[in-house]
1. Which ranges mark the strands (runs of 3 or more DSSP E) fully within the stretch A:77-118 that have 1 or more residues being more than 21 Å from A:Cys250 (Cα to Cα)?
2. Mind listing just one residue for me: the one in the stretch A:170-191 that is under 20 Å from the mean Cα position of the chain (by Cα) and among the hydrophobic types (A, V, I, L, M, F, W, C) and, of those, surrounded by the fewest Cβ atoms within 10 Å (Cβ to Cβ)?
3. Give the residue that is farthest from the other protein chains (Cβ to nearest Cβ), with candidates limited to residues of the stretch B:36-60 that are more than 9 Å from ligand 2 (Cβ to nearest atom) and open to solvent by less than 30 Å² (accessible area, probe 1.4 Å).
4. Determine, yes or no, whether A:Gly205 is touching a Pro at 6+ places or on another chain (Cβ under 8 Å) and over 28 Å from A:Lys333 (Cβ atoms).
5. I need every pair where a residue in the stretch A:340-357 that is over 22 Å from B:Asp67 (Cα atoms) has its Cβ under 7 Å from the Cβ of a residue that is at pLDDT below 95 and surrounded by fewer than 16 Cβ atoms within 10 Å (Cβ to Cβ), sequence separation at least 6 or different chains.
6. Take the residues of the stretch A:349-382 that are exposed (fewer than 14 other Cβ atoms within 10 Å of the Cβ) and farther than 24 Å from B:Phe104 by Cβ: which is farthest from the other protein chains (Cβ to nearest Cβ)?
7. Would you say B:Val15 is part of a strand (DSSP E or B), open to solvent by 40 Å² or more (accessible area, probe 1.4 Å) and away from ligand 1 (no atom under 16 Å from the Cβ)?
8. When you scan the stretch A:122-136, do you find a residue that is buried (at least 20 other Cβ atoms within 10 Å of the Cβ), over 16 Å from A:Val219 (Cα atoms) and touching a Gly at 6+ places or on another chain (Cβ under 8 Å), even just one?
Amino acid sequence: MRRSSLAAGTLLTTLIQKQWPHEAVLISDEPLPPYQRPPLSKDYLAGKTARESLYLRPHSMYENAGHRLRLGERVERIDRVNKTVELSDQSTLGYDRLVLATGARVRRLNAPGADLEGIHYLRDIADTDALRSQLSPGQRLVIVGGGYIGLEVAAIAVKGGLKVTVLEAAGRVMQRVTGPEISAFFLAKHRDAGEEVRLDTSVIGFEADDDGHVAGVAVADGSTVPVDVVLVAVGITPETALAESAGLPCDDGILVDEYVRSGDPAILAIGDCTRHRNVFFEQPQRMESVANAVDQARTAAATLMGDDKPYDAVPWFWSNQYDVRLQMVGLSKDHDERVVRGNPRDGAFAVFYMREGHLVAVDAVNLPIAFMVGKKLVYQHRDVDAEALSDPDIELKSLV
Amino acid sequence: MGKITFIEHDGTEHVVEFEAGASLMQVAVNNAVPGIDADCGGECACGTCHVILAQEWFAKTGTPGPDEEQMLSMTPERAESSRLGCQVQTTEAMDGMTVRLPEFQM
Ligand SMILES: Cc1cc2nc3c(=O)[nH]c(=O)nc-3n(C[C@H](O)[C@H](O)[C@H](O)COP(=O)(O)OP(=O)(O)OC[C@H]3O[C@@H](n4cnc5c(N)ncnc54)[C@H](O)[C@@H]3O)c2cc1C
Ligand code: FES
């Protein structure tokens, strides 16, 4: 039995496809079958897709295969000795194997006024529905956090006729996940579209109007930005409370080995809630991506079926902002050399990140071929000739 | 409503019903057909929904867009009639179509 959303849905699907001979129960406190979160700050927020099209699989697919979904119920407690979980309706369920796929919670701002009406966060469908209902033309939207979620929402809001200000505490946008060339490109893209993007700007509090609705965002330089709607998008914290109270080892994430086993061999953990090992990083890491959720789900399926395969997937990610698709593969943060292919001014280029002559990551802007080639080369840990990567006369494909 | 047959690389056939309008990827995914991952959920961002159409059907589904072509050019087992399943919208006329799935997705 297992619980929760994107990772859990993928796990259950994989088990169905591999004809796993046991019964699974998927428990989620959200009232919907597992669904894709990326569209929550993209097409679904823009009103371009229907809710049902976000579902990973139709509800009936799981049940036709003999598994059960218990939606709108929370797991409150794990009893590892008796191998049971206690649900919010006070019932208990026994398990042979338990998979935790509890995801993450949004990080809340700890500033005065942070719970005023009109201040939004974005993690689930209900959050997006609430935010979308506030995005009317002419409104002033302040987004706290220039990460990919904040920037995706900014682009949609601008297209919807709102006046958008992005406040970012760091010196560049998307600093945590990408290099300076990509940050600079996206900063220019957002500013050219009419957003005000303020870097090195920390929020210190929120001011209310007479009705207790947010009316201003106070920043560290003493100024206040007038506002109608606020989105706070400043990252997530892994949802580990349940695992911790059950005494499973956690350290900003449930600790799992390369077979996604937690400290208790009967309990696996997958997705955003884990800190895990992978041949592509030296230290255990936490990842916040669809790729990690689905790849760990497949590792878990193999572990459950006694066909242990160590987790060795290359991390990858994407983001859509305006007419730009950013595709990323690998982890760029420990690189020692960057090589740019193409020219950012043309709107299509890629940055290759090298460490000791190996390609460790690629960020591709409207250049899918660089992403695809990168996925192969990073996986193969290959030495790559940096000059060839930037030479427009050499086809990227020929380097694989 | 019509039927599409997905054939796995080992020859296993999956005959599934579809409603015109869904993408070929969705049709496969909704019916738990193995051999298609569709990790990005249809955003043309992952390249893991590679399908190979029968030649006569390929002509009828239009040609891959430029982004799709770049993604396809690196998929293992690329064939002349390859598409990304999420970029092919099904129509009534596809009743009876057969679609092959590669052994490995990207
Ligand atoms: C707005 C947005 C945009 C994103 N865009 C991208 C993108 O473009 N590309 C990308 O790769 N990734 C993106 N992501 C990240 C991606 O969606 C996550 O990495 C992924 O959803 C993680 O899957 P998961 O199964 O680990 O967790 P989740 O999908 O968060 O699922 C966890 C589920 O567990 C439930 N739960 C938690 N505790 C309990 C409990 N005690 N009892 C019952 N249920 C419980 C939660 O309510 C939730 O439904 C985005 C995320 C968001 C929010
Ligand atoms: S589903 Fe990702 S490219 Fe088609």
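The values are calculated or read from the model by the stated rules, or taken from the named source; none is laboratory data. In this text, all values refer to a predicted model and were calculated from it rather than measured experimentally. Positions of Cβ are backbone-derived with ideal geometry, glycine not excepted, and every protein chain shown enters the neighbour counts. Ligands, DNA and RNA are stripped out before the accessible areas are found, and what is left, the full protein with its side chains, is counted by its heavy atoms. Shrake-Rupley method; radii C 1.70, N 1.55, O 1.52, S 1.80 Å.
1. Output list reads A:84-87, A:92-94.
2. Ranking the candidates gives A:Ala170 first.
3. Across the stretch B:36-60, the extreme among qualifying residues is B:Ala54.
4. When the stated conditions are applied, A:Gly205 passes them.
5. Short answer, once both residue conditions are applied: A:Met354/A:Ala386; A:Arg355/A:Asp334; A:Gly357/A:Asp383.
6. The selected residue is A:Glu356.
7. When the stated conditions are applied, B:Val15 passes them.
8. Yes, the stretch A:122-136 has at least one match.
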